[in-house]
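J.: Here you go, one structure.
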Amino acid sequence: MAPGAARPRPEPQRGPDPGWGDRLPLEILVQIFGLLVAAEGPMPFLGRAARVCRRWHEAAAQPALWHTVTLSPPLVGRPTKGESKGEKKLLASLEWLIPNRFSQLQKLTLLHWKCQVHPVLKLASESCPRLTFLKLSDCHGLTPDTLVMLAKACPQLHSLDLQHSMVESTAVVSCLEEAGPRMRRLWLTYSSQMTAILGALLGSCCPQLQVLEVSTGISRNTIPLQLPVEALQKGCPQLQVLRLLNLMWLPKPLGRGVAPGPGFPVLEELCLASSTCNFVSNEVLGRLLHSSPRLRLLDLRGCARITPAGLHHLPCQELEHLYLGLYDTSDRLSLAKEGSPLLTQKWYCTLRELDLSGQGFSEKDLEQALAAFSGVPRGSQLALCSLNLRGTRVMASTVSSVISSCPGLVYLNLESCRCLPRGLKRAYRGPEEVQWCLEQLLTSLPSPS
């Protein structure tokens with residue numbers, strides 16, 4: 001090398017950069033963490049990420065990432081001693097975590113807590129002023145004043161899910177009396193104490209309630225719940241969703257000369273699905289829905305007393321989901337043999353899902369009903385994407401016609417359809433399978449003479 005010549009610079013060493021995490025902007029890191037939290041929840045990911053480096057610790061500590069949390073103690077299903085030990089261990093961690101991370105918590109879910117529900121909710125009431133939703137699933141040991149304490153400390157709490165938890169009716173009623181004017185959504189499991197909670201709702205305790213769901217637990221109720229339909233309409237006039245799932249209930253008789261109730265004018269979803277004996281008739285359905293023009297979803301699975309004529313007179317004109325499946329009907333001779341065209345002729349333009357499984361309509365009646373989807377003008381796009389004809393007497397020509405007319409059909413159930421060729425009696429999922437079914441049906445049909 002000549003004297004005075006510049007020496008070449010050494011090549012930079014290639015390898016892992018130990019400081020890349022510190023140079024990543026905090027805002028970008030928080031956004032990345034937010035995507036993971038949205039998919040998997042903040043725990044245990046954020047706790048582990050906080051131990052990587054200082055920058056990750058700072059990002060994981062952002063309260064905005066802790067807006068939805070599910071807490072479940074370990075050792076679920078083990079003996080009671082083990083459960084209590086696991087809950088105490090988690091509670092010790094929460095005593096620091098809740099005050100330091102949960103200031104913006106909005107949704108809290110507790111799963112399988114048997115002993116320490118009250119201490120956890122006490123911590124939440126002290127540190128979570130923005131809490132809007134609380135779910136307790138398979139939880140025990142809730143004291144009567146716990147829910148009231150939370151309702152007073154969290155002025156934005158408007159949704160309460162107590163399904164499958166042991167909660168005394170006095171605790172629920174007291175909570176509703178405290179938070180009732182702002183309560184929007186309520187999920188309950190039926191018990192012998194349901195009458196007291198129902199009485200609070202009938203007494204206009206929750207005038208702004210929008211969602212009410214009552215379901216049965218593992219053991220179904222054997223004594224029917226008597227439901228004053230008209231009183232519920234007056235007490236909860238803003239209901240948008242009403243679900244009475246697998247519940248045996250009776251509407252309270254209206255009485256002679258009594259005017260119909262105000263109805264549910266903004267109701268969009270009614271679910272009365274049941275696998276047990278139920279007493280829902282056309283008359284009961286009319287009392288529930290006579291003032292519900294906005295209804296979009298109607299689930300009457302298991303309601304064998306409902307007929308197409310009763311449905312045809314409902315005021316809703318844009319029904320999108322109609323479920324009339326019968327899955328455990330012993331007396332099939334009493335089922336309606338005709339009338340299904342009344343349903344499709346009224347709602348063929350708006351229906352997205354139609355379930356007629358187990359219904360006793362004749363071949364000709366079903367042909368006329370499903371022909372409504374074939375008689376639309378060219379260029380009109382039908383909304384139907386799911387059709388359940390399981391166990392019906394639908395014919396091959398009828399099925400092929402409805403598939404050809406509904407290009408958006410992605411689910412078709414033809415199980416146990418006695419009038420179809422063998423090998424085709426199954427459920428079809430996805431557009432490819434539905435089109436394959438059409439091809440097979442067309443080849444099985446007799447050629448015109």
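The values are calculated or read from the model by the stated rules, or taken from the named source; none is laboratory data. This one's a predicted model, so the numbers in the text were calculated from it and none came from an experiment. Neighbour counts run over all protein chains shown; Cβ positions are idealised from the backbone, glycine included. Protein only, heavy atoms only, side chains kept; ligands, DNA and RNA dropped before computing areas. Shrake-Rupley method; radii C 1.70, N 1.55, O 1.52, S 1.80 Å.
J.: Return the pairs, sorted by first residue and then second, in which the second residue is modelled with pLDDT of 85 or more and surrounded by fewer than 16 Cβ atoms within 10 Å (Cβ to Cβ), the first residue lies in segment 83-98 and is under 18 Å from Gly141 (Cα atoms), the beta carbons are less than 8 Å apart, and the residues are 6+ apart or on different chains.
T.: Here the result reads none, with nothing in segment 83-98 linked to a residue that is modelled with pLDDT of 85 or more and surrounded by fewer than 16 Cβ atoms within 10 Å (Cβ to Cβ).
J.: Can we say Thr68 is within 16 Å of Pro44 (Cα to Cα) and modelled with pLDDT of 90 or more?
T.: yes
J.: Moving on. Please count how many residues of segment 282-305 are open to solvent by less than 30 Å² (accessible area, probe 1.4 Å) and in a loop (DSSP other than H, G, I, E, B).
T.: 5
J.: Right, something else. With respect to Leu322, determine if the residue is in a helix (DSSP H, G or I) and either over 26 Å from the mean Cα position of the chain (by Cα) or at pLDDT 95 or above (or both).
T.: In short, no.
J.: Please specify each residue of segment 123-178 satisfying the condition of being surrounded by 15 or more Cβ atoms within 10 Å (Cβ to Cβ) and of a type in the set (Lys, Arg).
T.: Listed by number, the residues that qualify are Arg130, Lys135.
J.: Residues of segment 170-199 being within 24 Å of the chain's Cα centre (by Cα) and among the small types (Gly, Ala, Ser), which ones?
T.: If the condition is that a residue be within 24 Å of the chain's Cα centre (by Cα) and among the small types (Gly, Ala, Ser), then Ala179, Gly180, Ser191 are the ones that fit.
J.: Looking at (1) free of Cβ contacts under 8 Å to residues at least 40 places away in the same chain; (2) at negative phi, which is the only condition Gly141 fails?
T.: So the condition that Gly141 fails would be (2).
J.: Next up: Against the definition (in contact with a Gly (Cβ under 6 Å, 6 or more places away or on another chain) and open to solvent by less than 60 Å² (accessible area, probe 1.4 Å)), how does Cys437 come out, yes or no?
T.: no
J.: May I pose another question? Of (1) under 23 Å from the mean Cα position of the chain (by Cα); (2) surrounded by 17 or more Cβ atoms within 10 Å (Cβ to Cβ); (3) not hydrophobic (A, V, I, L, M, F, W, C), Gly41 satisfies all except one. Which?
T.: All conditions are met except number (2).
J.: Follow-up. Regarding Ala259, is this residue small (Gly, Ala, Ser) and free of Cβ contacts under 8 Å to residues at least 12 places away in the same chain?
T.: yes
Conditions tested, residue by residue: (1) part of a loop (DSSP other than H, G, I, E, B); (2) modelled with pLDDT under 95.
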residue	(1), (2)
Cys205	yes, yes
Asn221	yes, yes
Leu239	yes, no
Leu244	no, yes
Gly255	yes, yes
Pro265	yes, no
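J.: Restricting to strands (runs of 3 or more DSSP E) lying wholly in segment 333-449: which have 3 or more residues that are under 27 Å from Leu295 (Cβ atoms)?
T.: 353-355, 386-388, 411-413
J.: Ok, one more. Is it true that Ser405 is at pLDDT below 95, open to solvent by less than 60 Å² (accessible area, probe 1.4 Å) and among the polar types (S, T, N, Q)?
T.: Spelling it out, Ser405 is indeed at pLDDT below 95, open to solvent by less than 60 Å² (accessible area, probe 1.4 Å) and among the polar types (S, T, N, Q).
J.: Which condition number does Thr392 fail, the rest of (1) β-branched (Val, Ile, Thr); (2) over 26 Å from Leu335 (Cα atoms); (3) buried (at least 17 other Cβ atoms within 10 Å of the Cβ) being met?
T.: Answer for Thr392: the failing condition is (2).
J.: Got at least one residue in segment 84-92 being surrounded by fewer than 19 Cβ atoms within 10 Å (Cβ to Cβ), more than 23 Å from Leu65 (Cβ to Cβ), outside the structural domain of Phe45 (by the TED database) and touching a Leu at 6+ places or on another chain (Cβ under 6 Å)?
T.: Checked segment 84-92: no residue is surrounded by fewer than 19 Cβ atoms within 10 Å (Cβ to Cβ), more than 23 Å from Leu65 (Cβ to Cβ), outside the structural domain of Phe45 (by the TED database) and touching a Leu at 6+ places or on another chain (Cβ under 6 Å).
J.: Of the residues that sit in segment 348-368 and are in contact with an Asp or Glu (Cβ under 8 Å, 6 or more places away or on another chain) and within 17 Å of Thr307 (Cα to Cα), which one is surrounded by the most Cβ atoms within 10 Å (Cβ to Cβ)?
T.: Across segment 348-368, the extreme among qualifying residues is Phe361.
J.: Condition test on Gln226, is it part of a strand (DSSP E or B) and either under 16 Å from Glu283 (Cβ atoms) or open to solvent by 20 Å² or more (accessible area, probe 1.4 Å) (or both)?
T.: The answer is yes for Gln226.
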